[in-house]
Each structure stands twice: as structure tokens, then as C-alpha cells.
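The values are calculated or read from the model by the stated rules, or taken from the named source; none is laboratory data. In this text the structure is predicted, and so the values were computed from the model without any measurement. Please note: Cβ atoms are built from the backbone with ideal geometry, for glycine as well, and neighbour counts cover all protein chains shown.
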Amino acid sequence: MPENTPVDFSPSFEGSTFEYMVEAFTGSFGPFDAWRTGREQAISWKTGFWTDGTLSLVSGQYSYEWSVKAAPETAEWLSVILVRSGAIDLALGRTVIEGTAGRLLLVNNREADRFSVRGTPHQSDVLRLDWKVIAQTAAAILETPLIGTLRLAPTIDLSTPAGQLVRGLAQTIINGVRNNGPLIHSPIAVSHLTQAFANLVLRSIPHRFSHLLERKVHLPAPRHIRCAVEFMHANVGEPITMQNVAEASGVSIRALEGGFRTFKGTTPSAYLRAMRLRAAREDLLDPSNRQLLRDICLKWGFFHFGRFAASYRTAFGETPSETRRRSNGERMSGL
């Protein structure tokens with residue numbers, strides 16, 4: 001289906017006031033900040049929303065211009081934006097990227113400063129994937145925990161081979177989800193398709209770790225590095241030292257460090273610290289986990305809470321307390 005072809009969908013919500021749109025979106029998507037932009041226009045909007053919890057589709061049609069950005073409590077996801085008519089401007093710092101028919105936008109919603117919907121009438125599809133799927137897929141491909149921003153290239157030219165592949169799979173998912181389609185009722189199919197999409201994006205779209213992915217193709221990690229990684233995973237919650245890791249791998253500490261720098265682009269101690277930061281984040285994102293922040297910090301081997309909080313903020317762009325509040329907010333709102 002060409003990107004500029006209007007699509008028909010059964011609206012979950014529709015109305016003629018901006019306030020009702022914000023109320024409807026907040027009830028379905030969680031907290032966010034939104035405001036009108038441009039000249040005053042008569043308001044008419046409708047939107048369809050379908051989700052299985054991991055994957056969501058928002059099909060929208062708007063007769064006015066408005067902007068939106070994530071709030072601190074907003075859940076983290078990958079936004080895949082296909083504009084049918086009009087445009088969506090994506091602000092990343094001082095850079096504003098225009099999304100129109102013929103281009104696909106990809107961004108972690110928490111990295112965007114704002115999304116601006118313009119052009120009347122405007123119609124677009126926004127596919128949202130739980131960021132955990134992206135992070136877990138990246139960790140499996142790179143054999144290293146995903147710490148920090150991924151910095152995906154935010155635009156894809158749909159005339160390129162990579163763009164055509166990503167668009168084709170995205171459109172397949174959209175068609176299967178829209179109007180409460182068959183994918184919504186097939187969690188196994190959704191799981192396979194979202195994993196395939198995450199894998200395709202990470203392998204075909206430039207990002208911060210692309211150089212490691214290219215290196216992996218030519219330089220498979222030797223056995224002692226694989227043994228070290230397996231030992232760390234098996235003992236991530238234990239008070240292990242680099243001497244323990246080296247002994248389990250059958251090499252010296254010097255050889256271990258050299259191997260990690262060559263094949264992982266980091267040191268073994270930084271690799272283990274990244275694993276523990278990710279594990280702490282998973283605990284904080286679990287709404288059923290009632291442990292105190294300091295207890296989670298100690299559980300994963302961080303004995304100085306201030307330094308842990310600073311490292312955590314550098315890695316994930318928010319403090320441990322903000323992650324906990326967002327997780328609790330999602331639990332309270334039923335999301």
C-alpha cells in the first residue's frame with residue numbers, strides 16, 4: 001500500500017474538542033504532554049487504538065495541528081511512524097526531522113523532544129513496540145547488554161532496499177493489527193513478528209552499535225570470551241571479581257581485558273557493570289517488586305547509592321526513582 005493512500009479504520013475514539021482527545025489518549029496510552037500549534041482551526045479528529053500489551057497501533061486522522069511529548073511517567077517504546085498525508089516533525093535536540101509520505105520515522109519516544117502533527121487533513125499510522133523487545137534483541141545480537149541510548153537513524157528512505165524491507169514488515173504488522181485484526185488474537189504470531197522486526201531494524205538501520213555488529217560478522221568472539229560472558233550471566237548477582245572471571249575462562253586477566261576490548265568494545269568490568277545496571281532496571285520496572293531502591297542497589301552489587309544513581313541516569317536517561325515512579329504509575333493506570 002503506497003504511503004500516501006488514505007486508509008479506512010474503525011475509530012476507537014473521535015470528537016471535536018482538543019481536550020477530549022487528550023483525555024481519550026491519556027486513558028489509553030498513559031500520561032503525556034500535548035498542546036495545539038499553528039493557527040486556530042476547526043477541530044475534528046478520530047483515532048483507532050489496538051494493542052496486545054507489547055505491540056500497539058495508533059491510526060489517526062486530524063483536521064488541526066498539535067504537538068506532543070513524553071512525560072516522565074510515559075512508558076518507553078520504539079515509535080515507528082508512517083505518514084499517509086500531511087507530516088509529522090520529530091524534534092531531537094536542535095534538529096527537526098520531517099516525516100512525510102515516502103519516509104519512515106523511527107525513534108525511542110523518550111529520546112524525542114516533541115512530535116508535531118501538521119498538514120490538514122493529516123493521517124498517519126504509529127506502530128509502537130515495547131522498548132524491552134528492542135533492548136533484549138540488541139543484547140542477543142551484540143552479546144552485550146544495551147546500556148544508554150541506541151541512537152537509531154531516525155529516518156528511512158523507503159525507496160532503498162533497507163527501507164523497503166522495514167516498510168514491508170511494518171505494513172504487514174499494521175494490516176494484521178488494524179481494526180482488531182487477526183494478529184491481536186495470536187500472541188505467538190505477534191511475538192515472532194515483533195522479534196523479526198526488532199532484528200531487521202537493528203541489522204539494517206544505522207545506530208550507535210553498528211560498528212560492533214559489523215565487527216561481529218568478521219571477528220567471532222573466541223571461546224574464552226564466550227566462557228567469560230556465560231560465567232558473568234550465571235553469576236551476575238554474586239560478588240565475583242575479574243580474577244574469578246579470568247580463572248573461569250582459562251586465561252589471564254590481561255588476556256581477558258584485551259579480548260573484551262577487541263571483541264566487545266569495552267572492558268570485562270564495564271561489561272559486568274552494564275549487566276547489573278540492566279538487571280537493576282528490570283527490577284525497578286517490575287510493578288510487583290516492592291524492594292526499596294537501596295535494597296535493589298545492594299542486590300546488584302552497587303554499594304554507593306549516589307554513584308549508582310549517576311551511572312543509571314547516564315545509561316538510561318532517567319533516575320532510578322523516576323523509573324520506579326513510572327512503573328508504579330503504569331500499574332495504577334492499568335497499563
Can you go through GLY102, GLY53, GLY119 and tell me which one is touching a strand residue (DSSP E or B) at 6+ places or on another chain (Cβ under 9 Å), surrounded by fewer than 19 Cβ atoms within 10 Å (Cβ to Cβ) and closer than 18 Å to LEU169 by Cβ?
GLY102
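Table: residues versus (1) loosely packed, with under 15 Cβ neighbours inside 10 Å; (2) without any contact (Cβ under 8 Å) to a residue 40 or more places away in the chain; (3) under 29 Å from ILE225 (Cβ atoms); (4) touching a helix residue (DSSP H, G or I) at 6+ places or on another chain (Cβ under 6 Å).
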site	(1), (2), (3), (4)
PHE263	no, no, yes, yes
ALA274	no, no, yes, no
ASP286	yes, no, no, no
ARG290	yes, yes, no, no
LYS299	yes, no, yes, no
THR314	yes, no, yes, no
Under 6 Å between Cβ atoms, which residue pairs at least 6 apart in sequence (or on different chains) link something in region 31-45 that is small (Gly, Ala, Ser) with a partner that is outside any strand (DSSP E or B)?
ALA34/VAL22; GLY38/GLU65; SER44/SER16; SER44/SER63
Those residues that are under 30 Å from GLU282 (Cβ atoms), touching a residue at least 24 places away in the same chain (Cβ under 8 Å) and part of a helix (DSSP H, G or I), I need them from region 137-174; list them, please.
THR137, ALA138, ALA139, ILE141, LEU142, VAL166, LEU169, ALA170, ILE173, ILE174
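In the list VAL236, VAL245, which residue meets the criterion of being farther than 30 Å from ARG326 by Cβ, surrounded by 14 or more Cβ atoms within 10 Å (Cβ to Cβ), at pLDDT 90 or above and not polar (S, T, N, Q)?
Details: VAL236 fails: farther than 30 Å from ARG326 by Cβ.
Being farther than 30 Å from ARG326 by Cβ, surrounded by 14 or more Cβ atoms within 10 Å (Cβ to Cβ), at pLDDT 90 or above and not polar (S, T, N, Q) holds for just one of VAL236, VAL245, which is VAL245.
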Hey, can you tell me all the residues within region 86-112 that are part of a loop (DSSP other than H, G, I, E, B) and of a type in the set (S, T, N, Q)?
THR100, ASN109
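Taking into account only those residues within region 301-319 that are in a loop (DSSP other than H, G, I, E, B) and of a type in the set (Gly, Ala, Ser), which is farthest from GLU73 (Cα to Cα)?
By that ranking, first place goes to GLY301.
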What about ALA71, is it in contact (Cβ under 8 Å) with a residue 12 or more places away in the chain, surrounded by fewer than 16 Cβ atoms within 10 Å (Cβ to Cβ), out of contact with any strand residue (DSSP E or B) (no Cβ under 9 Å at 6 or more places or on another chain) and of a type in the set (A, V, I, L, M, F, W, C)?
no
Would you say THR95 is in contact (Cβ under 8 Å) with a residue 12 or more places away in the chain, of a type in the set (S, T, N, Q) and either in the same structural domain as SER186 (by TED's automatic domain parsing) or within 21 Å of ILE134 (Cα to Cα) (or both)?
no
Any residue in region 284-300 that is assigned by TED's automatic domain parsing to the domain that holds GLU322, part of a helix (DSSP H, G or I) and of a type in the set (Phe, Trp, Tyr)?
no
